[in-house]
Each structure stands twice: as structure tokens, then as C-alpha cells.
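Student: Sending over a structure as C-alpha cells; questions will come in a sec.
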Amino acid sequence: MALKIAVLASGNGSNLQAILDKHAAGVLDVDIRLVLCNKRNAYALERAEAVGVPTLCLPHTDYPDRESFDQAMIKAIQESGADTIVLAGYMRLLTSAFLQAFAGKVINIHPAILPAFAGVRGAADAHEYGVKLAGCTVHFVDEIMDHGPVIIQAAVPVNPEEDVETLKQRIHSAEHRVYPQALQWLAENRLSLEGRVVRLASSDKPKLAAAGNCLVWPPLEEGF
Ligand code: GRF
């Protein structure tokens, strides 16, 4: 059965687009019940509307505090029928009440190889630090920012002299491969937790550990 998802975004929504594209291509088994944005000018809203996916804009500035805002989101998401929350450039911390409402069912993508470079400047911090391998991480969300159990990571080699914007773009390209893949594993019910270690049930699908010049682990499977 398709994974019923709500995508939360605050901005451009290129990861949302990757999800929409893989869904349209017939390889990602999701039912996108809602795209919810906290900013009126989020381009993610237009991307969803363009393909007839339901959208809702709830500006967080309309609410007196984080708790009341998250309660409004919980209600809207529950009404949509979604039970899995996909954070795709959603730039606000979630309350405990929100995480409890969708316990173990909130996932995020971060533009660095966690646990290094958590926080809002992940890719820029990695570039500034001078790492030779940058990358991205898809993980379950817990109460601590950029901390929950890791599902998949891509290592993106940093080219000498590369500026931060170019590196960010290459990390973004890797994100667009690994996020839909992680969602498909969830849809196939192949992810389980042992402590904070995510186990992936095996399949006999053909695998690809490289995407461009990145190393991806666990390997991408056919279609991703
Ligand atoms: C991505 O870099 C993601 O890792 C981070 O926010 C950014 C969102 O980009 N969490 P986009 O809106 O999907 O283009």
C-alpha cells in the first residue's frame, strides 16, 4: 500500500520535486496527501499545485507560539490522512507534541554527513571547515536537531578550489537521489530500528552504490 505522506517545506522545494518526479515515474510508492508550507512565497507550493497535489500554507507568524502553530499543523495533516511526515527544507524546529503525534514517522534530509555539521549551515560549515568528503543524510527525526537514526548517506567529494555554491548544488543533486530512495524503503516497510541503528531488509533488486561521483550507502536500488 502506498505510503501516505505530508511534505513540509519552507522554500524552494527541489527535494519535493524529486519526490514528485519519482512518483510520476512510477518507482516511488507514495500518496502525497498534502504539501504544507509555513511561508506564503515558498516555491514548493507552486511545484505541488502544478501537478494537482493538495497544498496548504500556514504562516507561522499567524500563531502566538510554536505550540499553537504545531497543533494547527497536526490537525491539518491528520485531516489529510497522511501518517508519515517528510521534511524537505522545513526550516523550523518541531515541538515534542508534533513528534509524539507522528512518533517514529518523521524523516528529514540534511546537507552534511551527520553527526558532523548539524544545524542550518550544514553544507557551508563543511566547506568552510575544509572537509574532503561532504554529503547528505536522510534520518528519522527525534527531539534533538539533526540527530535521529540514520537511514542513508551520500558522500560527495569536495573538488579543490570549489566554491560553496557549487558544492551545495552537487550535494543537492545527491539529495534528490537518496531522499526518494529512503521513502521507497519506508513504503516497502523494509526499515527497522535496533536501538538507534536503522536496519534495511534486503531485496534482490539491482543496486548502485555510486551516484555521479558520490558514494551512496546503503546502495541505491533500481529506479533511483
Ligand atoms: C536541502 O539542502 C536540505 O538538505 C535541507 O534544506 C534544503 C532544502 O532544499 N534540509 P530544497 O527546498 O528541497 O531545494
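Student: Let me confirm something: among Asp142, Asp204, which residue is under 23 Å from Lys4 (Cβ atoms), assigned to a loop (DSSP other than H, G, I, E, B) and among the acidic types (Asp, Glu)? Before you say what the answer is, go through the steps one by one.
Tutor: Numbers: Asp204 fails: under 23 Å from Lys4 (Cβ atoms).
Every option except Asp142 fails the conditions.
Student: Here is a further query. What number of residues in the range 181-197 are touching a residue at least 40 places away in the same chain (Cβ under 8 Å), under 12 Å from Pro149 (Cβ atoms) and surrounded by fewer than 21 Cβ atoms within 10 Å (Cβ to Cβ)?
Tutor: Pass one, the range 181-197, residues touching a residue at least 40 places away in the same chain (Cβ under 8 Å): 181-184, 186-188, 191, 193, 196-197.
The next check asks that each one be under 12 Å from Pro149 (Cβ atoms); those that pass are 182, 191, 193, 196-197.
Then drop every residue that is not surrounded by fewer than 21 Cβ atoms within 10 Å (Cβ to Cβ), which leaves 191, 193, 196-197.
Total satisfying the criteria: 4.
Student: So Pro54 passes all but one of these: (1) touching a residue at least 60 places away in the same chain (Cβ under 8 Å); (2) farther than 26 Å from Val120 by Cα. Which condition number does it fail?
Tutor: The one condition Pro54 does not meet is (1).
Student: Going by the structure shown, is Ala155 touching a residue at least 60 places away in the same chain (Cβ under 8 Å), away from the ligand (no atom under 13 Å from the Cβ) and not in a helix (DSSP H, G or I)? Spell out the reasoning first.
Tutor: On the way: touching a residue at least 60 places away in the same chain (Cβ under 8 Å): yes; away from the ligand (no atom under 13 Å from the Cβ): yes; not in a helix (DSSP H, G or I): yes.
Against the criterion (touching a residue at least 60 places away in the same chain (Cβ under 8 Å), away from the ligand (no atom under 13 Å from the Cβ) and not in a helix (DSSP H, G or I)), Ala155 qualifies.
Student: I'm told Leu36 meets every condition in (1) within 12 Å of the ligand (Cβ to nearest atom); (2) closer than 11 Å to Tyr90 by Cα; (3) outside any loop (DSSP other than H, G, I, E, B) except one. Can you identify the failing condition by its number?
Tutor: The number of the failed condition is (1).
Student: Going by what's in this entry, would Lys132 be described as away from the ligand (no atom under 13 Å from the Cβ) and either in the same structural domain as Met1 (by TED's automatic domain parsing) or in contact (Cβ under 8 Å) with a residue 24 or more places away in the chain (or both)?
Tutor: yes
Student: Every residue in the range 50-100 that is away from the ligand (no atom under 16 Å from the Cβ) and either touching a Cys at 6+ places or on another chain (Cβ under 6 Å) or of a type in the set (D, E, K, R) (or both), please.
Tutor: Scanning the range 50-100 gives Asp62, Asp65, Arg66, Glu67, Asp70, Lys75, Glu79, Asp83.
Student: Which of the residues belonging to the range 101-128 are in a loop (DSSP other than H, G, I, E, B), more than 13 Å from the ligand (Cβ to nearest atom) and aliphatic (A, V, I, L, M)?
Tutor: Correct list: Ala103, Ala116.
Student: Next question. Being of a type in the set (Val, Ile, Thr) and part of a helix (DSSP H, G or I) is the requirement here; does Ile171 meet it?
Tutor: Answer is yes for this residue.
Student: Can you tell me which residues in the range 31-52 are over 12 Å from Gly11 (Cβ atoms) and surrounded by fewer than 19 Cβ atoms within 10 Å (Cβ to Cβ)?
Tutor: Result: Asp31, Glu49, Ala50, Val51, Gly52.
Student: When Gln17 is evaluated against the numbered criteria (1) in a helix (DSSP H, G or I); (2) under 20 Å from Val141 (Cβ atoms); (3) within 16 Å of the ligand (Cβ to nearest atom), which criterion, by number, is the only one it fails?
Tutor: Condition not satisfied by Gln17: (2).
Student: Are any residues in the range 62-84 assigned to a helix (DSSP H, G or I) and touching a strand residue (DSSP E or B) at 6+ places or on another chain (Cβ under 7 Å), and if so, which ones?
Tutor: Met73, Ala76, Ile77, Ser80
The values are calculated or read from the model by the stated rules, or taken from the named source; none is laboratory data. Just so we're clear, the structure is a prediction, and the values are computed from it rather than from any experiment. Ideal geometry is used to build each Cβ from the backbone, glycine not excepted, and the neighbour counts take in all protein chains shown.
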